[in-house]
Amino acid sequence: MNPNPYIDEDLQALADTARRFAEERVKPGFLERDKTRDLDRVLLREMGELGFICPELPEQYGGLGLGCLAAGVIHEEIARADLSFSYLNLLASLNGQILSKYGKPEVVGPWLHKLTRGEAICCIALTEPRGGSDAANLRLRIERDGDFYVINGEKTSISAADQADIAVVFGRTGQPEDGAHGVTAVMVPMDSPGITTSRFDCHGQRAIGRGSIFFENVRVPVTHRLGDENKGFVQVMHGFDFSRSLIGLQCLAVARVALEETWEYITQRQAFGQPLSAFQGVTHPLAQYDTEVEGARLLCLQGLWLKDKGLPHTAEAGMAKWWGPKLSYDVIHQCLLCFGHGGYDRGLMEQRLRDVLGFQIGDGTAQIMKTIIARARAGRKFVPA
């Protein structure tokens, strides 16, 4: 990891420790987990014991109180070894922030300790069959019945749908015409009666997986609500500014390790009596991508630094989210081509390409991110959609 203004000695030491764990424990099972689609809960608990899950959370919830940059440097190192496995860090950080900020401490506290120890997985259930990017147009119903909410409907394309122990679920408590202002968020234990799940056969990120969650008269206590009733979408969605910077770093970490391997390979592979590195047609695309990866990574770190400082970071997070995954896909694609037939075989480069592609779809498309950036720059009233 190259030194830069955002990473001090303590963060660098944390990153070095995370890299050793990732190299020794996470990387060896990278290809196998893609085949078996098994996340490896033992490995998850090991990561939790080392403090690598939600280090940004306060100590009262099992975190280390280290800030968002700490989460970022750990994310990078785990993702270098396996992007799909690093999704567990992402889900924990995104949902951990939501639960700790909007949940009742006596309700969410025990779950947050399980999350940070690697003893539980929390998914976020937002997307529905009728819409992904139009996230405020939700159909799943959350209706009040005394001291309980009753949930009916379907969520789809949910990462870790069939592996999660709890879910942050967004549903409609108001009327359809209320849009984002009629949505409530609740924490739902996934072993609640009335919940069933399915799993898709996805192109990449196969260890974490995606699937649907079906809710049929699922009852959860009103105390499980996150934020105010009918305000869940408006309040809780701010947490995505954090996860978007993390996603950028995750993907760029994969691009970085692909570049490192490719630079080494082209100095060893011979063609026409010279190493491939002697040909500008090979080195110049890599040099350009190396430059862009460095710049994009700094942007992601800046977003986390701004969040740690309590400063606005919505635009930077949007930039990180659309640029990081797209750039990473393009970089890994170029690296794969440099390896020729060896890159096209099932293996490291091919799986990395499949894994990073998913982040151009999930958690906000490039079009949505650019709209968010435009609203931050020009003002929402001038960019209505």
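The values are calculated or read from the model by the stated rules, or taken from the named source; none is laboratory data. Worth saying up front: this structure is predicted, and the values here are computed from it rather than measured. Cβ placement follows ideal geometry from the backbone for every residue including glycine, while neighbour counts extend to all protein chains displayed. These area figures cover heavy atoms from the full protein model, side chains too; ligands, DNA and RNA do not enter into them. Shrake-Rupley method; radii C 1.70, N 1.55, O 1.52, S 1.80 Å.
Some notes on this structure:
- Residue in segment 126-136 that is without any contact (Cβ under 8 Å) to a residue 60 or more places away in the chain, open to solvent by less than 60 Å² (accessible area, probe 1.4 Å) and touching a helix residue (DSSP H, G or I) at 6+ places or on another chain (Cβ under 9 Å) present: yes
- Residues of segment 163-190 that are in a loop (DSSP other than H, G, I, E, B) and in contact (Cβ under 8 Å) with a residue 24 or more places away in the chain: Gln163, Ala164, Asp165, Thr173, Gly174, Met190.
- Between Glu128, Glu106, Glu143, the distinction of being over 19 Å from Phe242 (Cα atoms) and within 20 Å of the chain's Cα centre (by Cα) belongs to Glu128 only.
- Segment 137-167: number of residues that are farther than 21 Å from Arg219 by Cα and either open to solvent by 30 Å² or more (accessible area, probe 1.4 Å) or acidic (Asp, Glu) (or both): 2
- Residue check for His238: open to solvent by 60 Å² or more (accessible area, probe 1.4 Å), within 19 Å of the chain's Cα centre (by Cα) and within 30 Å of Trp305 (Cα to Cα): yes
- Segment 195-234, subset polar (S, T, N, Q) and closer than 17 Å to Thr127 by Cα, residue most open to solvent (accessible area, probe 1.4 Å): Thr196
- Residue in segment 294-318 that is nearest to Met369 (Cα to Cα), counting only those that are open to solvent by 40 Å² or more (accessible area, probe 1.4 Å) and in a helix (DSSP H, G or I): Thr314
- Top-ranked residue of segment 146-162 - restricted to ones that are part of a loop (DSSP other than H, G, I, E, B) and under 18 Å from Met190 (Cβ atoms), ranked as farthest from the chain's Cα centre (by Cα): Asp162
- Of the residues making up segment 319-347, those that are aliphatic (A, V, I, L, M) and either without any contact (Cβ under 8 Å) to a residue 12 or more places away in the chain or assigned to a loop (DSSP other than H, G, I, E, B) (or both) number 1.
- Within segment 319-358, being surrounded by fewer than 22 Cβ atoms within 10 Å (Cβ to Cβ) and polar (S, T, N, Q) holds for one residue alone: Gln334.
- Ala92 fulfils the conditions (1) free of Cβ contacts under 8 Å to residues at least 40 places away in the same chain; (2) buried (at least 22 other Cβ atoms within 10 Å of the Cβ); (3) not in a helix (DSSP H, G or I) except for a single criterion, (3).
- Exclusive hit being among the hydroxyl-bearing types (Ser, Thr, Tyr) and either crowded, with 19+ Cβ neighbours inside 10 Å or touching a strand residue (DSSP E or B) at 6+ places or on another chain (Cβ under 7 Å) (or both), set Thr283, Thr267, Thr291: Thr267
- Only one of the numbered conditions (1) more than 30 Å from Leu306 (Cα to Cα); (2) in a helix (DSSP H, G or I); (3) open to solvent by 10 Å² or more (accessible area, probe 1.4 Å) is violated by Leu14, and that is (1).
- Glu177 in the same structural domain as Gly303 (by the TED database) and either within 26 Å of Leu43 (Cα to Cα) or out of contact with any Ser or Thr (no Cβ under 7 Å at 6 or more places or on another chain) (or both): no
- In the set Ile361, Ile368, Ile372, only one residue is among the β-branched types (Val, Ile, Thr), open to solvent by 90 Å² or more (accessible area, probe 1.4 Å) and either modelled with pLDDT under 95 or assigned by the TED database to the domain that holds Gln205 (or both); that residue is Ile361.
- Tabulated pairs, segment 248-273, first assigned to a loop (DSSP other than H, G, I, E, B), second crowded, with 16+ Cβ neighbours inside 10 Å, C-beta under 7 angstrom, 6+ apart or interchain: Arg269/Leu276
- Qualifying residue in segment 301-312 (condition: more than 19 Å from Tyr6 (Cα to Cα) and touching a residue at least 60 places away in the same chain (Cβ under 8 Å)): no
- Only one of the numbered conditions (1) open to solvent by less than 10 Å² (accessible area, probe 1.4 Å); (2) farther than 30 Å from Leu353 by Cβ; (3) at pLDDT 95 or above; (4) of a type in the set (Gly, Ala, Ser) is violated by Gly182, and that is (3).
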